[in-house]
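Just so it is clear, none of the values below were taken in a lab; they were calculated from the coordinates. Source: prediction; values computed, not measured. Cβ placement follows ideal geometry from the backbone for every residue including glycine, while neighbour counts extend to all protein chains displayed.
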């Protein structure tokens with residue numbers, strides 16, 4: 001790509017205050033990525049401006065040092081190499097997104113740019129993801145990036161999003177074959193006990209202790225076999241007032257429903273620059 005025509009979106013300061021916004025079909029897509037790739041992906045999505053119409057033509061830049069701070073990595077000497085490994089996962093891992101008449105198979109990114117002797121790496125989203133990430137008016141889910149930065153499992157991040165999507169309803173039933181497909185483990189855990197022990201229990205502990213999302217779950221049986229999981233009492237605990245005050249300090253009064261979008265827009269507009 002001609003560097004003169006290139007647009008690079010820099011990772012903002014205080015990235016943890018940015019918002020991850022995705023169309024619900026993307027939340028429910030079928031794919032499996034390691035934890036670091038999942039974390040990078042959420043950072044990249046949080047950098048998309050609400051008004052942007054050409055994400056497939058822009059590079060989104062991950063600052064290695066800032067990213068390490070965001071995920072609270074104590075040892076960062078090899079982090080750049082690890083991010084390259086995650087970039088390769090994002091480049092090659094298929095994602096299947098349901099549509100009204102079938103599904104779309106694509107990849108998360110179409111390219112990444114490794115720079116020698118500097119502390120950042122650039123990523124470019126795949127074009128087919130565009131309608132699931134920009135100009136969203138309905139059927140989308142959003143949350144603050146710091147909600148998932150400290151989660152310790154790839155499955156915790158996915159389950160957080162799947163349940164965050166249903167906070168207003170308070171409950172959700174997912175068939176076993178569907179949740180396993182969404183998590184990319186369709187051929188694993190034929191025995192519910194293994195799925196409960198290795199996926200549900202660790203994710204529940206991770207999510208409810210590290211985020212504001214609280215919930216319970218129970219298995220649903222058909223005969224003697226567990227065929228679905230019911231997630232219930234899904235609620236988001238209110239953020240401490242002092243945390244919201246920190247976010248809105250210096251801003252004019254804005255209705256509560258708009259304040260987060262305003263913060264995201266202002267913060268990210270400052271970090272777009274020509275490459």
Within 10 Å of each residue's Cβ, count the other Cβ atoms and sort 114, 189, 215 from fewest upward. 114, 189, 215
If you take the square roots of the eigenvalues of the alpha-carbon gyration tensor of the range 112-152 and sort them as a ≥ b ≥ c, do you get rounded (a/c under 1.5), prolate (a/b over b/c) or oblate? oblate
Rank these for me by crowding, 193, 144, going from fewest to most other beta carbons within 10 Å. 193, 144
How much length is gained if the chain between residue 93 and residue 221 is pulled fully straight, taking 0.36 nm per residue apart and subtracting their Cα-Cα distance, in nm to one decimal? 42.8 nm
Plugging the Cβ-Cβ distance of residue 175 and residue 81 into 1/(1 + (r/R0)^6) at R0 = 41 Å yields, to the nearest 0.05, a FRET efficiency of 0.55
For residue 230 and residue 104, what does the FRET efficiency come to when R0 = 22 Å and r is the distance between their Cβ atoms, rounded to the nearest 0.05? 0.15
Quick check on the range 185-230: take the gyration tensor over C-alpha atoms, sort the square-rooted eigenvalues as a ≥ b ≥ c, and tell me if it's rounded (a/c under 1.5), prolate or oblate. oblate
Please say if the range 116-246 is rounded, prolate or oblate, where rounded means a/c under 1.5 for a ≥ b ≥ c the square roots of the C-alpha gyration tensor eigenvalues, and otherwise the choice is prolate for a/b larger than b/c and oblate otherwise? prolate
Using alpha carbon centroids, what distance separates the range 85-112 and the range 171-185, in Å? 19 Å
Label-point gap, in nm, between residue 214 and residue 238 - each point 7 angstrom along Cα→Cβ: 1.3 nm
So for R0 = 22 Å, FRET eff. of residue 72-residue 168 from the Cβ-Cβ r, to 0.05, ends up at 0.15
Cut-off is 10 Å between beta-carbons; in what order do 227, 100, 8 appear when sorted fewest neighbours first? 100, 227, 8
